[in-house]
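Q: So that we are looking at the same thing, I have put the structure below in structure tokens.
The values are calculated or read from the model by the stated rules, or taken from the named source; none is laboratory data. Computed from a predicted structure; not experimentally measured. Cβ placement follows ideal geometry from the backbone for every residue including glycine, while neighbour counts extend to all protein chains displayed. Only protein heavy atoms, including side chains, enter the accessible area calculation; ligands, DNA and RNA are left aside. Shrake-Rupley method; radii C 1.70, N 1.55, O 1.52, S 1.80 Å.
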Amino acid sequence: METKKHRNTHRGAWLLFCLFGLAFSLLFARFIQLGWTGKAEGHPVAEIAEQQRKQTRTLEAKRGTIFDRNGGILAQDVPSYTLVAVLDPNMTTDPDHPRHVVDPEKTAKKLAPLLGMDVEKMERILTKKAKQVEFGSYGRNISFELKRKIEALDLPGIAFIRDTTRFYPNGTFASYVVGYAQKNEHNETVGQMGIEKQLDRYLREKDGYVSFDGDVSGFRLPGGKEHIVKPNNGANVYLTIDEKIQTFLEDAMNGVEKQYRPKKMIAIVADAKTGKILAMATRPSFDPNKRNITNFFNDAISYPYEPGSTMKVFTLAAAINEGVYNGNETYRSGSYKVGPNTIRDHNDVGWGTITFNEGVQRSSNVAFSILVKEKLGEDRFLQYLHRFRFDRKTGIDLPNEAVGQIRYRYPIERITTGFGQGTSVTPIQQIQAATAIANDGKMMKPYVIEKVVDPDSGKVLLDHEPTVVGEPITAETARKVRDILETVVTSEHGTGRPYQIEGYRVAGKTGTAQIPSATGGYLTGRENYIFSFLGMAPADDPKLLMYVAVQQPHLDVTETGAAPVSQIFTTVMKSSLQYLHIQPVEEKRTEEKAARRPLDSFIGQPAELAAKQLKESGYVPVVIGRGRYVEDQLPQAGEDVLVGERVVLKTDGTAAMPDLRGFSLRDAMKVARVLGLRPSTKGSGYVISQNIRPGAEVRKGDYLIVELAPPRQWEEAAARKAKEAAERKDDGPHE
């Protein structure tokens, strides 16, 4: 029995020896094969090992920011969040602290209202058989404020993925100029319209990365190799758009849109001397954050149409420049024969025998027909149409510019072009041509891009300067045209009387353009026109040039087409002139100079003493920080500062956020600059809310998000807060 047991033991040992020997032989053969060929499964072994050892991390770059001409932010990358829900129960290791959605019904009821989402739809998403789900467009681009509200609900399984999004702080604001950008299927932000598209090659960013030798857990190995490719941030773009003037324009157009419900509106404000576009807006418009677009073209540059009587400005200029215009000469108004056709004045019967100056004031079609046919001659008038560049694009630095068409084939077309019918032009073509009238004969190319700057080096990559594109008339002619156009606004017969602005001299010309019908001819009815005005101020030395067009407004029985157009023009022009400190005729410049004084330096002084001195000098001190001495100030020493303006003093020590409610955008930006914050604004006007609580400690690089509202809304918000505060006080304990 014992012999048999030993025999079995030896047999088992021999079997194990054979198995281990075979395994060792196979491993040794594999080792020899790998060493000899250097490959495993056809792939290089060294390369596989290198890939497993090498770790790579992305260094995110930032798309360039778009600024207005004063540094106000119009478009920027901001942190955003994508909302996700974890549905996998295995993610929860502690039942008392669940990390997955435990109650889909309760979660949906609380969360859906914050996202503007249907509760049942959300509940269906939360009951899917998946480890993790998202909520489509409802859960993307979550703002920091909304994220905090969702976190306050303390819902198990609800989490966020950090990202960046393109943010347009002013919403529907110069939308067709700025345009919009959005992420493509490769998660790259690409410009789709406006400046975002035009300068995409400058604005676009390129992520960098860092690669290093790491262990299996992803940590860097001591002494390992490291390779860094720096991120390439997109360049910053500065526009000629002035945020303040653009706000005046947007607000005025919003009011007219609400009151008159027109089919279209177009308005442009330009610097009369340089061609810089200070404001440009159209209706319908869109919010780049929402991309609720109904028209993908910027009508201010892409919509050619018959301009109507604003074209008479250039016919008049041509006649004066050629020496064939005599304003005191008389003619018979009412009708004028051109071959088989009869041209009539807008009232059909005319005003009898009147002077040509009165004909301009009354916008007589007959007067301008005579100027083209009998005074200038059709061929010479055509030369002036070319001189004013109505035959080509302006070349403005925006995408999709269109060009009008000069219709000059038939005798009637040559005459009607003189008063704005038949031939079509774009609004931007009219602005360019009008700069020759406003700028003493020099015609300026319109542009919206001021410069493009590398954000890291500060190097200017693209710089635009004012460009003279022609001198179609002399300086003397331009002054004479302005003098006559001023009478269009001031004369008792003038069609431009609604465009008078108290304290300022305005020169301009009205337009009432017919709209072609789809069935031939023109639309009929008192509202079926494009009503417009091309004006400049001050008339003797224009600083601003403005074109406004309103198509098919709904008018009251007693109203004319000038009502909505003048509401935009007079409001925006007056506000802009005042904002630019263009002195009204009855005021003296010395008053403004007396109200401005160079600011002293307060750096190094005790903060309490500096604030006292500022108050005594008529300024409003804003002291930031808990230190004793001033270490920085804005405005800086030596700058001319208007009495009553806020002066920000930053002390040493810990910096605390002041209460910005009631601050203008400019004052809020002073605070952001002194503290080194990254500002972002919503709306326009005065601050009504801020994301950093007053008194909270701030650090350089923090985001400061402020919401602004127009003065009236701000006053209402302030009154409401005061009332709420009083009510809370009244509801408290009484003695």
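Q: Ranked from highest to lowest mean number of other Cβ atoms within 10 Å per residue, what is the order of the peptides 195-204, 386-395?
A: So the peptides 195-204, 386-395, ranked by packing, come out 195-204, 386-395.
Q: Tell me, how many Å apart are the Cα centres for the range 671-708 and for the range 72-92?
A: After rounding, the separation between the Cα centres reads 22 Å.
Q: Okay, moving on. Please give the peptides 629-641, 260-272, 124-136 ranked by average Cβ packing (other Cβ atoms within 10 Å per residue), highest first, as a rough proxy for protection. Provide the component values of the computation, followed by the final result.
A: Details: 629-641: 16.4, 260-272: 22.2, 124-136: 14.7.
So the order, starting with the most tightly packed, is 260-272, 629-641, 124-136.
Q: Still on this structure, I have one more. What is the sum of charges, Lys and Arg at +1 and Asp and Glu at -1, for the other residues whose Cβ falls under 14 Å from the Cβ of P79? Present the calculation step by step, with values, prior to reporting the outcome.
A: On the way: positive: K62, R63, R140, K147, R148, R162, R166, R678; negative: E60, D77, E145, D163, D702.
Cβ neighbours under 14 Å give a net charge of +3.
Q: From the cross-link list K244/K480; K244/K273; K543/K574, which pairs have alpha carbons spaced over 23 Å apart?
A: K244/K480
Q: Express the accessible area of the range 422-461 per residue in Å², computed with a 1.4 Å probe while the remaining protein chains stay in the model.
A: Spelled out: the 1.4 Å probe surface of the range 422-461, per residue, equals 26 Å².
Q: Further, regarding this structure: Let a ≥ b ≥ c be the square roots of the eigenvalues of the Cα gyration tensor of the range 390-510; is it rounded (a/c under 1.5), or, if not, prolate (a/b larger than b/c) or oblate?
A: Taking the square roots of the gyration eigenvalues as a ≥ b ≥ c, the range 390-510 is oblate.
Q: In whole percent, and with a 1.4 Å probe on the protein chains, what portion of the accessible area of the range 310-438 is carbon and sulfur?
A: Answer for the range 310-438: carbon and sulfur cover 41 percent of the accessible area.
Q: Karplus couplings for the range 516-527 from phi (6.51 cos²θ - 1.76 cosθ + 1.60, θ = phi - 60°), rounded to Hz, Gly and Pro as x?
A: Each residue's phi maps through the Karplus curve to give x, 8, 5, 9, x, x, 10, 5, 10, x, 5, 9 Hz.
Q: Moving on. Considering only protein heavy atoms, what is the solvent-accessible area of L15 at a probe of 1.4 Å, reported in Å² to the nearest 10?
A: Its accessible surface works out to 110 Å², give or take rounding.
Q: Then there's this: Please report the spacing between the Cα centers of the range 103-125 and the range 382-426 in Å, no decimals.
A: Each part reduced to its Cα centre gives a spacing of 57 Å.
Q: As an exercise, identify the chymotrypsin sites (Phe, Trp or Tyr not before Pro) in the range 281-319 lying in DSSP coil whose Cβ has no more than 12 other Cβ atoms within 10 Å.
A: Details: sites: F286, F296, F297, Y305, F314; in loops: F286, F296, F297.
Listed in order of number, the matching sites are F296.
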